[in-house]
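Here the structure comes first, spelled out in structure tokens, and everything after it is commentary.
The values are calculated or read from the model by the stated rules, or taken from the named source; none is laboratory data. Keep in mind that this is a model prediction, so the values were computed, not measured. Here the Cβ positions follow ideal geometry from the backbone for every residue, glycine too, while neighbour counts run over all protein chains shown. Ligands, DNA and RNA are stripped out before the accessible areas are found, and what is left, the full protein with its side chains, is counted by its heavy atoms. Shrake-Rupley method; radii C 1.70, N 1.55, O 1.52, S 1.80 Å.
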Amino acid sequence: MRSRLSSDSVRVIRQKIWHLKKWILLGLFLISMLGAVGLQQWYFNEEGIEIAINLPVNPNGRSDIAANAREMWRGSQIYINEVNRQGGVNGHRLKLTKVVMQGADHEKYAVEQAKKTANSEAIAMIGGYYSSLMIAAGKVYEDAEMPAITGIALADEVTKDNNYFFRVVPNRSWRSSFIASYIYQVLGHRNVGIVLDPEDIEFGLGSAQDFKASFQEQGGTVTNEWLINEQSPEAIATELVALNPDIAFLALQSDQITSVVKAARREGFENPMFVAVSSWSAQSLANELEERENPGALSHDVYMTADLIYDVASKVALDFRRQYATQYDNEEFRPVTAISYDVTKAMVAAIEKSNVTGHANAIKEERQKVQQAIAKLNRPRNAIDGLSGQIYFNNDGDAEKPPAVGIFQKRRLISAYEQLKINPAFIPSVKEAIKEKEEGKNITQLAKILNKEKLLLVNNLPMKVANVIYTGIDINKVLEIDQKESKYKIDFFIWFKYHKRENLEPRLVEFINSSESSLAIENPVQVTVNGEIMTEDYEAEEGDLITEAYRVKEIFQEPFEFYDYPFDTQNLAIRLRHQSLDRSEILYVVDLLGMRDTDLSQTIKNWETHNVFDTITDWQLKKVSFYPDVLSNLSTLGFSDENRSGDRLEYSRFNAVIEVERNRKAFLLKNLLPLIFFLFVGYINFFIPLSQTKFAAVTSLLMAVVFFHLNLLNKLPERVGYIVALDYAFYSIYAMLGFQILLFVIGYYKPIRANPQYLQRLTMAGQIGYPVTLVIAFVTFLIIYV
């Protein structure tokens, strides 16, 4: 009777369990379907925050216009995708809507398109290419109270007197005046020849006029002006050689620049040239015979302003470059790609701060909120960090940040050795002095401030000449890595390449993350002056090109993160800044040409060939990065607000970061073989008859695993108080051993122990459940960490 009742009870229990499983599976299915529908609604629902992007189309089919339109779309879409992958803006998905505008003489069409955009559900407009079209469209946007941000349309009138139009780069007159100041005050040239295209009213003619006015106002002389539509490049080149101006200013489009540069160099004009556009590339000369035989033969000493140059690019910009190359089959992005990315980032930041929803019934009020948020980006402390630097706007809605000045060497655009940087500390006093001078109250105060502080006045802003120090590092050996102390010892060469200036000593650096606070570099292993190796006793003259190389062997430290331990990667960084000079006086940039291996993958191969890591068998080289950035400190330095404004001290910092990953195979073989043995012993216990000895064996095994776990964790720094990947692995093992102990306890329950059939099923559950759990845990780890 007891046996039959027990059998009936078992059957009832089985039925209940089966029904419970069905309801659980049905519930999980419904939850997954609802989740999938919700996810689909989030990604593909037409509702969301819409942003219109204005792209150019040229009726004449110019390939460069089409390429720039494509790159503008890519730059914006990349950032939109980044934001949407992270959950959108305040829970709302972002959408880009294309608005196409034709050539520069289609103002009527631009107005019609602008009206359509203004009447749409788009909360804002980004992009824009032709200034004339943006001026016409801007009036429509302003009437509709629709905020817009551009980075390509440069005419002053685009943003001037329009509170709803902004620009992430300086306007045309600001940039042209900046170039004139750089040529006159930094390069020291007093006469210039101008080559322009008078038919290019938007850019060529306007840039030439702005440049000429500023250069002459500073005391310079314009030797001659050549019109590209009236004379051939060869005829212009002949006259350039005959008149021989100190420098030529080319207010032309890219294809015209290529023709003039090629003709001028072939004719024998060797003086510098400065191009007005920021998109010309010396690679356009790559197929010329002279350039094939000697890269840079035609393109040498050609200057250009640029919003992004790789040797001064931030880590974020370099990461974007890698991401772009990966996404678009190793293509190199154009300057407009980065500008479009920054335009989109600025607009999205304003949308996020406005807490808008994009609902059509509140579009007017929400557009106003976005415009107000953009207008508040009006000073460096409120700025957004973009690929091209900080993004903030002046009262006219324009950026006031000096572009980088580049010079072409071997067809590569690198930073010129002198850059102009705003010194924000003196902006209030300089503006006050300018105001007093205009009012005739104290006409000498401005000159006194500029002379005393060695400042230059550029576009009514106080600027200093920052000396560019080309810096390179070559690793000889990574000697040790102490993960418990988060320290590492590196032997490397470091060099500084710079123009000789009074009181300029680039070697006076502070290694920010050195374990030795007083580390100094002295006694160079080699010094070259203008390319010639010097002996110990040498004297360099002002302006000479000096390269000083030093050898350093030092212990550095960097906070290691162990969340993925033992599948972790760590950064071995070398970071330095000048001891006393801020970034308005000195800039450390990456010497890409000096390191020769401009392809970082080749750098890694060379290091592996030279056994840089042969003493560190527990780690493998994964990636290397060289980049400058800005180190900021907040301090008034004791100055009152009446004398100086800035409480933000900015230093140029150079970073060499080696990313290493733990040798997983070595770690597993060295440390986890005992664990595999423990797991095997645990599994064998399921095939041994139940006894107290077996229970004692399992508990002893559990204690052994605990001690082994603690021993591995003891290799980590004491500050690691969080759970690491290894912990989860051991938690899985604890769960399996706990499951085994639970089965033993159940097996000792008298009714179960008295029934051989129950014991057999209990043992089979362990024999099957134990390896299945182990496989699931193993596969999960492979998916997450491998």
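Around K497, under 10 Å between beta carbons, what's the net of Lys plus Arg minus Asp minus Glu among the other residues? Computed value for this residue: -2. With R₀ fixed at 45 Å, the C-beta to C-beta distance from V525 to E293 puts the FRET efficiency at about 0.85. In whole percents, the pair-distance distribution calculated for the stretch 145-194 from its alpha-carbon pairs, binned every 5 Å from zero, is 5, 19, 22, 16, 11, 11, 9, 5, 2, 0. Rolling a 1.4 Å probe over the protein heavy atoms leaves I135 with an accessible area of roughly 50 Å². Here the spin labels are modelled as points 7 Å beyond Cα on the Cα-Cβ line, and at K623 and E199 they lie 4.8 nm apart.
Ordering A466, P566, Y488 by Cα displacement along the dipole of the chain toward the positive end leaves P566 in first place; charges were set at the Cβ atoms of Lys, Arg (+1) and Asp, Glu (-1). Relative to the current alpha-carbon distance between A704 and Y748, full extension at 0.36 nm per residue lengthens the span by 13.4 nm.
Placing +1 on each Lys and Arg Cβ and -1 on each Asp and Glu Cβ, with no other charges, gives the chain a dipole about its Cα centre of roughly 5440 debye. Tell me, what is the percent relative contact order of the chain, built from C-alpha pairs under 8 Å that lie six or more residues apart? Worked out over the chain, it gives 9 percent. Measure out, as a whole number of angstrom, how far apart the alpha-carbon centroids of the stretch 503-542 and the stretch 697-716 sit. Answer, in whole Å: 52.
Taking the 1.4 Å solvent-accessible surface of the chain as the whole, the part contributed by carbon and sulfur is 52%.
The stretch 291-328 and the stretch 374-424 have Cα centres lying 17 Å from one another. If the segment from L668 to Q390 were pulled out straight at 0.36 nm per residue, it would be longer than the present Cα-Cα gap by 95.5 nm. Here is the size of the stretch 172-306 from its Cα atoms: Rg then Dmax, 13.7, 42 Å. Beta bridges from DSSP with both residues in the chain: antiparallel share about 65 percent, rounded to the nearest 5. Here the Karplus relation 6.51 cos²θ - 1.76 cosθ + 1.60, evaluated at θ = phi - 60°, turns the backbone of the stretch 555-570 into coupling constants of 8, 10, 9, 8, x, 7, 10, 10, 4, 9, 4, x, 9, 8, 10, 10 Hz, with x for every Gly and Pro. Sorting the segments 230-237, 579-586 by their mean number of nearby beta carbons within 10 angstrom, highest to lowest, gives 579-586, 230-237. Averaging the sequence gap over all C-alpha pairs within less than 8 Å and six or more residues apart, then dividing by the number of residues, gives the stretch 464-661 a relative contact order of 26 percent. Taking F562, F739, F781 and ordering them by how much accessible surface each has at a 1.4 Å probe, largest first, produces F739, F781, F562. Extension gain for the segment N513 to E561, taken as residue separation times 0.36 nm less the Cα-Cα distance, is 15.7 nm to one decimal. A simple spin-label model places pseudo-atoms 7 Å from Cα toward Cβ; at V100 and E439 they are separated by 5.6 nm. Considering the chain, its Cα convex hull presents a mean projected area of 44.5 nm².
Global size of the stretch 61-141: 14.2, 41 Å for Rg and Dmax (C-alpha atoms, Rg to one decimal, Dmax whole). Candidate membrane-span-like segments in the chain, meaning DSSP H helices with Cα atoms spread over at least 27 Å of their own axis and a Kyte-Doolittle mean of 1.0 or above, are 692-713, 725-747, 756-785, with no membrane implied. Using the Stokes-Einstein relation with a Kirkwood hydrodynamic radius computed over Cα pairs, the translational diffusion coefficient of the stretch 666-785 at 37 °C and a viscosity of 0.692 mPa s comes to 210 µm²/s. Please give the FRET efficiency for K500 paired with A235, using the beta carbon to beta carbon distance and R0 = 51 Å, rounded to the nearest 0.05. Step by step, r from the Cβ atoms, then E = 0.80. The residues of the stretch 666-785 have, on average, 59 Å² of accessible surface per residue, using a 1.4 Å probe with all protein chains present.
Computed on the stretch 172-306, with alpha-carbon pairs under 8 angstrom and 6+ residues apart, the relative contact order is 23 percent. Specify which residue in the list W73, Q209, Y130 is farthest towards the positive end of the charge dipole of the chain, using unit charges on the beta carbon of Lys, Arg (+1) and Asp, Glu (-1), about the Cα centre. Going by the charge dipole, the pick is W73.
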